[in-house]
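**Student:** Below is a structure I'd like to ask you about.
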Amino acid sequence: MSILVNEQTRVLVQGITGKVGSFQALVMKEYGTRIVAGVTPGKGGEAVHGIPVYDLIEEALASGPVDATLSFVPARFAKDAAIEAIENRIPLLVLSTGEIPDHDLLAILHYAETRGTRVIGPDTPGLVSPGKCKVGVHPNRVLRRGSIGVVSKSGALSYEVCKLLSESGFGQSTVVGIGGGPLWGTTQRDVLALFEKDPETRVIVLLGEVGGTMEHEAAAFIREKVTKPVIALIVGRAAPPGAQMGHAGALIEGEGETAEKKLAALKEAGCHVTRNPTEILSFIKKLGGKSR
Amino acid sequence: MRLLEFQAKRLFQERGIPVPKGTLVRSSQDLEGLRYPVLLKAQVPVGGRGKAGAIRTVWSAQDAATALRELLKTSVKGCPIRAVLAEERIEASRELYFAVLIDRANRTPLLLASASGGIEIEEVARRDPTRVARIPVDLCLGPAEHSVRSLASRLELGDRLGEFRTIVERAFGIFRDLDATLVEINPLAVTAEGFLALDAKLLLDDKATFRHADLFRTLAEEGRALAPQEKGPAESLAEAAGLTYVGLDGDVGLISDGAGTGMLTLDLVQDAGGRAANFCELGALANAEGMREALGAVLANAAVKAVLVSLIGGLTRMDEIAEGIAAYLGEHAIHIPLVVRMAGTKEEEGRATLRAIGVETFDDLPAAVREAVLRAKEGRCRSS
């Protein structure tokens with residue numbers, strides 16, 4: 001078991017003929033992901049690393065079902081591509097693209113909800129169940145199969161933590177990047193709920209950052225519903241208030257949005273809070289065999 | 001992009017939201033022909049102008065000239081005042097709060113209203129949350145009639161419902177048509193003649209520039225001309241290149257290929273006893289050219305004693321990033337220690353490129369942080 005994706009997941013790549021799309025499709029394929037098709041309007045009939053390319057998703061679906069789509073479509077066309085995926089009832093839409101206008105995201109997320117498509121992102125590295133399936137851009141070598149569930153706003157921070165864990169023999173059940181915000185299709189809380197139900201996940205690592213209030217909602221959920229150990233790290237302790245720290249969502253606007261306040265809320269909810277990835281590893285070692 | 005008050009009011013007026021009569025004043029000549037009393041409001045893109053004394057009421061031409069001279073010598077939160085909006089003073093029977101914004105937690109546009117206008121809405125909410133009415137709106141449908149009536153009832157508007165509906169619809173129109181993330185009218189004055197926006201705050205989504213290229217560019221240029229921001233050389237270079245850059249007051253220059261890893265590195269530098277000179281993230285420019293530009297920007301800050309490049313690529317390819325570092329070092333002889341931590345996609349290729357030009361890389365982030373903090377300290381000792 002793992003959450004959201006597994007060995008059977010059939011993956012579509014939107015924007016597969018672009019520089020990033022074609023490179024990452026290759027890296028995913030090498031990782032063992034079942035990439036069944038790619039879509040780029042106007043490039044139908046071509047192939048990328050042996051993957052057939054179609055003009056339309058409906059044409060791709062004619063040769064077999066698709067469980068998840070990963071979109072590298074540039075921001076100004078991202079909404080159209082997302083609506084196409086939603087209308088074709090693809091259950092999981094991973095929006096890798098950053099810089100999508102807020103109003104387009106509001107439309108995408110609202111429409112996805114009414115049609116039953118789960119959106120991960122935008123501005124996300126995607127997700128991976130190590131050894132099974134990667135619908136994302138995580139560097140393959142930092143990953144290892146295991147039982148730690150990782151949910152992160154930042155892609156790079158999740159790579160840091162996975163690298164450290166994997167090198168010490170602690171693998172991951174699924175690593176989910178929810179994106180840098182400030183709008184999210186899937187929240188920390190949503191992923192925590194999935195990890196709580198997943199029998200393969202024994203320990204959860206929550207990687208958050210300054211800005212917004214999502215970690216407080218996650219803390220409330222953990223207090224009420226999560227029985228598995230949760231280890232939390234919030235980055236941006238040294239970030240000045242009012243500064244945009246790279247992610248659109250990482251901007252301290254209110255008192256509750258600092259790292260200290262978030263860490264305090266998570267600690268009160270029963271999480272083990274840490275100051276850096278090394279402390280996450282130390283605590284996981286302490287939990288011992290439970291998390292291997 | 002945050003518009004200046006007078007820019008926002010111009011858009012309000014074009015779209016049928018009444019505003020007080022006003023003129024933009026940049027020198028004492030512009031004061032001629034005004035009828036007193038007049039409000040002089042500094043045009044700076046920051047909040048808290050009232051508290052900072054940047055909004056004055058003047059009763060005569062002489063008062064106005066004196067107040068203007070003072071204002072033009074002042075800065076508000078680091079923004080020097082270059083222009084002032086001179087506006088007629090409105091006698092309002094009531095001052096309300098009204099805004100259209102994005103409720104990020106619920107992923108929907110939101111109407112926000114309160115009978116307590118004129119003060120910050122966060123302050124109103126803190127004192128008494130029941131005084132703030134919040135109603136979500138469907139982006140396509142726009143404000144529903146019953147929502148408008150519900151707000152009007154909460155605001156006890158009585159027979160002024162029709163006038164209020166017009167304001168709500170037009171404010172939502174601005175929000176939707178201009179890709180705004182916030183349209184705020186605080187206060188919204190109720191007078192015998194009608195409703196007026198006494199202040200206007202408008203945030204436009206830079207990510208939607210492709211849809212409004214001419215308008216956004218014109219507004220941004222006008223804003224820069226009327227309210228120039230004081231920027232150091234590093235910040236100016238980073239902005240021109242399109243990099244994320246936040247100036248800090250330490251001496252370890254930071255460059256990262258992701259926001260999360262950048263913030264982590266910033267925290268680790270602090271925990272190791274060092275002080276970062278900046279936060280710089282490549283973001284969408286995580287390629288050779290972005291890396292080259294970032295080194296130029298960070299090194300333009302004379303306070304920098306060591307540079308720490310913290311990289312863990314997923315989408316970012318280390319082979320490309322290494323080319324950028326090599327290109328910069330090929331063009332510039334730098335005398336400041338450069339510490340590179342490199343891991344992730346195509347790391348072997350990246351390492352090899354850097355090794356060929358004599359730059360060794362770290363794999364362990366905490367070790368790289370310790371090294372950079374130490375080298376910055378050595379730099380401080382040498383220069384003192």
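**Student:** Would you please list the contacts, defined by Cβ atoms under 8 Å and residues six or more apart or on different chains, that run from a residue in the range B:204-232 that is within 14 Å of chain A (Cβ to nearest Cβ) and farther than 16 Å from B:Leu182 by Cβ to a residue that is buried (at least 16 other Cβ atoms within 10 Å of the Cβ) and among the small types (Gly, Ala, Ser)?
**Tutor:** Between residues of the range B:204-232 that are within 14 Å of chain A (Cβ to nearest Cβ) and farther than 16 Å from B:Leu182 by Cβ and residues that are buried (at least 16 other Cβ atoms within 10 Å of the Cβ) and among the small types (Gly, Ala, Ser), the close pairs are B:Phe210/A:Ala75.
**Student:** State which residue is farthest from A:Ala25 (Cα to Cα) when the search covers only the range A:142-162 and only residues that are facing chain B (nearest Cβ under 8 Å) and without any contact (Cβ under 8 Å) to a residue 60 or more places away in the chain.
**Tutor:** If we take residues in the range A:142-162 being facing chain B (nearest Cβ under 8 Å) and without any contact (Cβ under 8 Å) to a residue 60 or more places away in the chain, then A:Ser152 is farthest from A:Ala25 (Cα to Cα).
**Student:** If a residue must be in contact with a Leu (Cβ under 7 Å, 6 or more places away or on another chain) and either assigned to a loop (DSSP other than H, G, I, E, B) or closer than 22 Å to B:Asp267 by Cβ (or both), how many such residues does the range A:207-230 contain?
**Tutor:** Within the range A:207-230, residues that are in contact with a Leu (Cβ under 7 Å, 6 or more places away or on another chain) and either assigned to a loop (DSSP other than H, G, I, E, B) or closer than 22 Å to B:Asp267 by Cβ (or both) number 8.
**Student:** Go through the range B:233-250 and report how many residues are surrounded by 14 or more Cβ atoms within 10 Å (Cβ to Cβ) and within 14 Å of chain A (Cβ to nearest Cβ).
**Tutor:** Going through the range B:233-250 one residue at a time, the tally reaches 10.
**Student:** Could you list, in sequence order, the residues of the range B:298-317 that are surrounded by 24 or more Cβ atoms within 10 Å (Cβ to Cβ), of a type in the set (A, V, I, L, M, F, W, C) and more than 19 Å from B:Pro366 (Cα to Cα)?
**Tutor:** Listed by number, the residues that qualify are B:Val298, B:Leu315.
**Student:** Filter the range B:337-357 for residues that are closer than 24 Å to B:Asp251 by Cβ and either in contact with a Gly (Cβ under 6 Å, 6 or more places away or on another chain) or at pLDDT below 95 (or both) and give the result.
**Tutor:** B:Met342
**Student:** Still on this structure, please answer the following. Given the conditions (1) within 13 Å of chain A (Cβ to nearest Cβ); (2) among the charged types (D, E, K, R); (3) crowded, with 19+ Cβ neighbours inside 10 Å, report the number of the one that B:Glu184 does not fulfil.
**Tutor:** (1)
**Student:** Separate question: For the range B:194-213, enumerate the residues that are loosely packed, with under 15 Cβ neighbours inside 10 Å and more than 20 Å from the chain's Cα centre (by Cα).
**Tutor:** Within the range B:194-213, B:Gly194 is the sole residue that qualifies.
**Student:** On to the next question. Given the criteria modelled with pLDDT of 95 or more and in a strand (DSSP E or B), does A:Val66 qualify?
**Tutor:** no
**Student:** Check the range B:328-345 and report whether any residue there is away from chain A (no Cβ under 13 Å), part of a helix (DSSP H, G or I), touching a strand residue (DSSP E or B) at 6+ places or on another chain (Cβ under 7 Å) and of a type outside the set (Ser, Thr, Tyr).
**Tutor:** No, that holds for no residue.
**Student:** A follow-up question, please. Has the range B:131-139 got any residue that is in a helix (DSSP H, G or I) and more than 14 Å from chain A (Cβ to nearest Cβ)?
**Tutor:** The answer is yes, given that some residue of the range B:131-139 is in a helix (DSSP H, G or I) and more than 14 Å from chain A (Cβ to nearest Cβ).
Per-residue answers, yes or no, for (1) of a type in the set (A, V, I, L, M, F, W, C); (2) surrounded by 14 or more Cβ atoms within 10 Å (Cβ to Cβ); (3) on the phi < 0 side of the Ramachandran plot:
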{"site": "B:Leu112", "(1), (2), (3)": "yes, yes, yes"}
{"site": "B:Ile119", "(1), (2), (3)": "yes, yes, yes"}
{"site": "B:Leu141", "(1), (2), (3)": "yes, no, yes"}
{"site": "B:Ala152", "(1), (2), (3)": "yes, yes, yes"}
{"site": "B:Arg176", "(1), (2), (3)": "no, yes, yes"}
{"site": "B:Ala192", "(1), (2), (3)": "yes, no, yes"}
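**Student:** Looking only at the range B:259-274, count every residue that is polar (S, T, N, Q) and either without any contact (Cβ under 8 Å) to a residue 24 or more places away in the chain or more than 7 Å from every other protein chain (Cβ to nearest Cβ) (or both) and tell me the total.
**Tutor:** Number satisfying all stated conditions: 2.
**Student:** So, one more: Considering only residues that are within 28 Å of B:Thr181 (Cα to Cα) and in a strand (DSSP E or B), look in the range A:173-183 and name the one that is nearest to the other protein chains (Cβ to nearest Cβ).
**Tutor:** Within the range A:173-183, the match that is nearest to the other protein chains (Cβ to nearest Cβ) is A:Gly177.
**Student:** Checking B:Phe98 against (1) farther than 30 Å from A:Ala107 by Cβ; (2) not β-branched (Val, Ile, Thr); (3) not in a loop (DSSP other than H, G, I, E, B), only one condition comes out false. Which one?
**Tutor:** Every condition holds for B:Phe98 apart from (1).
**Student:** If you don't mind, another one. Taking into account only those residues within the range A:51-88 that are among the polar types (S, T, N, Q) and without any contact (Cβ under 8 Å) to a residue 40 or more places away in the chain, which is nearest to A:Gly126 (Cα to Cα)?
**Tutor:** A:Asn88
**Student:** Another one. For the range A:217-257, give me the residue count where each residue is facing chain B (nearest Cβ under 10 Å) and either over 26 Å from A:Pro199 (Cα atoms) or touching a Gly at 6+ places or on another chain (Cβ under 6 Å) (or both).
**Tutor:** Of the residues in the range A:217-257, 19 are facing chain B (nearest Cβ under 10 Å) and either over 26 Å from A:Pro199 (Cα atoms) or touching a Gly at 6+ places or on another chain (Cβ under 6 Å) (or both).
**Student:** Starting from the range B:317-336, take each residue that is over 10 Å from B:Arg292 (Cα atoms) and list its partners that are assigned to a helix (DSSP H, G or I), counting only C-beta distances under 6 angstrom and pairs at least six apart or across chains.
**Tutor:** B:Met318/B:Glu347; B:Met318/B:Gly350; B:Asp319/B:Glu349; B:Asp319/B:Gly350; B:Glu320/B:Ala288
**Student:** If you don't mind, another one. Please find, among B:Gln7, B:Gln29, the residue that is without any contact (Cβ under 8 Å) to a residue 12 or more places away in the chain and either assigned to a loop (DSSP other than H, G, I, E, B) or not hydroxyl-bearing (Ser, Thr, Tyr) (or both).
**Tutor:** None of the other options fit; the residue is B:Gln29.
**Student:** Here's something else I'd like to know. With respect to B:Ala152, determine if the residue is at pLDDT 95 or above, part of a strand (DSSP E or B) and of a type in the set (Gly, Ala, Ser).
**Tutor:** For B:Ala152, the condition - at pLDDT 95 or above, part of a strand (DSSP E or B) and of a type in the set (Gly, Ala, Ser) - is not met.
**Student:** Give the residue, chosen from B:Gly324, B:Gly274, that is modelled with pLDDT of 95 or more and within 24 Å of A:Gly242 (Cα to Cα).
**Tutor:** B:Gly274
**Student:** Could you figure out which of (1) of a type outside the set (Asp, Glu); (2) buried (at least 16 other Cβ atoms within 10 Å of the Cβ); (3) at pLDDT 95 or above isn't true of B:Ala286?
**Tutor:** (3)
**Student:** For the range A:191-206, check the following and say yes or no: at least one residue is within 11 Å of another protein chain (Cβ to nearest Cβ), at pLDDT 95 or above and either surrounded by fewer than 24 Cβ atoms within 10 Å (Cβ to Cβ) or assigned to a strand (DSSP E or B) (or both).
**Tutor:** So far as the range A:191-206 goes, no, none of its residues is within 11 Å of another protein chain (Cβ to nearest Cβ), at pLDDT 95 or above and either surrounded by fewer than 24 Cβ atoms within 10 Å (Cβ to Cβ) or assigned to a strand (DSSP E or B) (or both).
The values are calculated or read from the model by the stated rules, or taken from the named source; none is laboratory data. Predicted, not measured: the structure shown is a model, and the values here were computed from it. Virtual Cβ from ideal backbone geometry, glycine too; neighbours counted across all protein chains shown.
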